[in-house]
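**Student:** What follows is a structure written as structure tokens; I'll ask about it next.
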Amino acid sequence: MPNKSLPTLVLAGLLAACATDRRSPLPAGPPAPPDLAALAAGLGAGLAPTPGQAAEQRRLVDAQVAAASHLLDSPEAEAQIAGAEQLAAYPTPEAERALLRFLDAPRRAEAQVAALRALMAFKEPEAATVALLLKAVEWRGAGVQAAALASLSAYLDHLDPGSARFREVYRGLEGAARSKRVEPAVRQGIKDMLAGFPPLG
């Protein structure tokens with residue numbers, strides 16, 4: 001059975017490149033998000049949440065996503081990184097769109113890296129997310145490119161190989177592996193990753 005994951009050593013090397021794109025240390029990170037599953041269990045004694053409890057859970061998630069999205073609007077890269085990490089903890093459609101809006105404008109490399117890696121949390125990515133990540137594999141900086149590749153690699157691992165979205169990611173990465181705008185180490189990482197999959201028909 002083929003190893004679909006980006007090879008460990010290759011991924012480690014690419015993620016090390018991410019560190020070289022950070023001009024300042026990462027913050028400690030946002031406060032740990034509340035454990036909504038535990039909250040639901042406590043409120044409902046292990047039973048399915050009532051409509052009122054479900055509404056409260058949605059309210060909590062919406063509040064966390066709104067607060068994290070507000071951090072993305074900060075001019076400080078450290079706050080932007082914290083916001084991206086918080087959005088990854090609540091992978092809702094609103095969180096995904098907030099990250100896409102953030103990445104649609106020029107940002108400092110360390111904030112781009114955090115936002116690109118946050119997109120890994122979205123198990124059913126929108127077409128716009130895949131398109132942005134495939135573009136980001138060709139953005140400036142090996143660390144930025146590696147962050148985009150890490151999220152695309154995660155998508156290939158859990159998407160149905162017969163799905164249109166899987167083929168879109170796979171074909172896009174085939175093109176990136178030939179692009180001179182992609183750093184040589186990242187191009188090699190793409191080739192090694194795709195080698196773990198049967199060729200598309």
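The values are calculated or read from the model by the stated rules, or taken from the named source; none is laboratory data. Treat the numbers as computed from the prediction; the structure is a model and nothing was measured. Quick reminder, even Gly has a Cβ in these numbers, built from the backbone with ideal geometry, and neighbours come from all protein chains shown. In case anyone asks, the SASA skips ligands and DNA or RNA and just uses the protein heavy atoms, side chains included. Shrake-Rupley method; radii C 1.70, N 1.55, O 1.52, S 1.80 Å.
**Student:** Taking Leu134, is it under 25 Å from Asp160 (Cβ atoms) and either touching a residue at least 40 places away in the same chain (Cβ under 8 Å) or touching a helix residue (DSSP H, G or I) at 6+ places or on another chain (Cβ under 9 Å) (or both)?
**Tutor:** yes
**Student:** Another one. Looking at region 159-201, which of its residues are under 17 Å from Ala127 (Cα atoms) and of a type in the set (S, T, N, Q)?
**Tutor:** Ser163
**Student:** Six or more apart or on different chains, Cβ under 7 Å: which pairs go from a residue in region 65-78 that's under 15 Å from Ala105 (Cβ atoms) and touching a residue at least 24 places away in the same chain (Cβ under 8 Å) to one that's polar (S, T, N, Q) and open to solvent by less than 60 Å² (accessible area, probe 1.4 Å)? Could you list them?
**Tutor:** Leu72/Gln80; Ala77/Ser24
**Student:** Still on this structure, I have one more. Does any residue in region 161-183 that is more than 14 Å from Pro199 (Cα to Cα) come within less than 7 Å, Cβ to Cβ, of a residue that is basic (Lys, Arg) six or more places away or on a different chain, and which pairs are these?
**Tutor:** As it stands, the answer is Ala177/Arg187; Ala177/Lys191, since those pairs meet every condition given.
**Student:** Could you list all residues from region 175-196 that are in a loop (DSSP other than H, G, I, E, B), open to solvent by less than 20 Å² (accessible area, probe 1.4 Å) and not polar (S, T, N, Q)?
**Tutor:** Ala177, Val182, Gly196 - these are the residues of region 175-196 that are in a loop (DSSP other than H, G, I, E, B), open to solvent by less than 20 Å² (accessible area, probe 1.4 Å) and not polar (S, T, N, Q).
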